[in-house]
1. In segment 46-66, which residues are free of Cβ contacts under 8 Å to residues at least 40 places away in the same chain and either of a type in the set (Val, Ile, Thr) or in contact with an Asp or Glu (Cβ under 6 Å, 6 or more places away or on another chain) (or both)?
2. Could we say that residue 65 is at positive phi and open to solvent by 60 Å² or more (accessible area, probe 1.4 Å) here?
3. List pairs: first in segment 72-86 and among the polar types (S, T, N, Q) and surrounded by 12 or more Cβ atoms within 10 Å (Cβ to Cβ), second at pLDDT 90 or above and in a strand (DSSP E or B), Cβ under 8 Å, 6+ apart or cross-chain?
4. Suppose the filter is free of Cβ contacts under 8 Å to residues at least 24 places away in the same chain, open to solvent by 80 Å² or more (accessible area, probe 1.4 Å) and charged (D, E, K, R); does residue 106 pass it?
5. Scanning segment 87-97 for residues that are under 13 Å from residue 25 (Cβ atoms) and without any contact (Cβ under 8 Å) to a residue 60 or more places away in the chain, which turns out surrounded by the most Cβ atoms within 10 Å (Cβ to Cβ)?
6. For the subset of segment 1-59 comprising residues that are hydroxyl-bearing (Ser, Thr, Tyr) and outside any loop (DSSP other than H, G, I, E, B), which member is surrounded by the fewest Cβ atoms within 10 Å (Cβ to Cβ)?
Amino acid sequence: MKTPVNPNQCQVVTALDMIVGKWKPIILQHLMAEDTLRFNELRRRIPDITQRMLTMHLRELEENDIIHREVYPQVPPKVEYSMTEYGKTLEPILHAMHEWGMAHLERMKK
């Protein structure tokens, strides 16, 4: 049995800050599934996100070393996004949250 976390030292909020928001988990799921995507490829895969919101979330994820942004010096500029090794450590957490969410939806249907 796991030792309970002292509520005064709980860092769940810190973890959630990295992935909270309507779009961040979806962006991360696409990058985990595809390895590398260009900005417009992400926009096509997430049609309801605005360009401004996608840019903002990508910058935040990059600042937190969750994703890597590679800029190729060409015309027009080519920018690719991928998960960092550190970012890949979120995969089991996001998978567990997805599974819990699915189970929760099923429970609420009953």
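The values are calculated or read from the model by the stated rules, or taken from the named source; none is laboratory data. Every value quoted in this text rests on a predicted model; they were computed, and no experiment measured them. A quick note on method: Cβ atoms are made from the backbone with ideal geometry, for glycine too, and the neighbour counts reach across all protein chains shown. Accessible surface areas use protein heavy atoms only, side chains included; no ligands, DNA or RNA. Shrake-Rupley method; radii C 1.70, N 1.55, O 1.52, S 1.80 Å.
1. 46, 49, 50, 55, listed by residue number.
2. Working: at positive phi: yes; open to solvent by 60 Å² or more (accessible area, probe 1.4 Å): yes.
Considered against the rule, which asks whether it is at positive phi and open to solvent by 60 Å² or more (accessible area, probe 1.4 Å), residue 65 comes out as yes.
3. 82/36; 82/37; 82/67; 82/68; 82/70; 84/67; 84/68
4. Numbers: free of Cβ contacts under 8 Å to residues at least 24 places away in the same chain: yes; open to solvent by 80 Å² or more (accessible area, probe 1.4 Å): yes; charged (D, E, K, R): yes.
Yes; evaluated as a whole, the condition is true for this residue.
5. In the first step, residues of segment 87-97 are kept if they are under 13 Å from residue 25 (Cβ atoms); the result is 87, 90-91, 93-97.
Imposing the further condition that a residue be without any contact (Cβ under 8 Å) to a residue 60 or more places away in the chain reduces the set to 87, 91, 95-96.
On the way: 87: 20, 91: 13, 95: 12, 96: 10.
That would be 87.
6. Keep residues of segment 1-59 that are hydroxyl-bearing (Ser, Thr, Tyr), which gives 3, 14, 36, 50, 55.
After this cut, where a residue has to be outside any loop (DSSP other than H, G, I, E, B) as well, the list is 14, 36, 55.
Numbers: 14: 8, 36: 12, 55: 12.
Within segment 1-59, the match that is surrounded by the fewest Cβ atoms within 10 Å (Cβ to Cβ) is 14.
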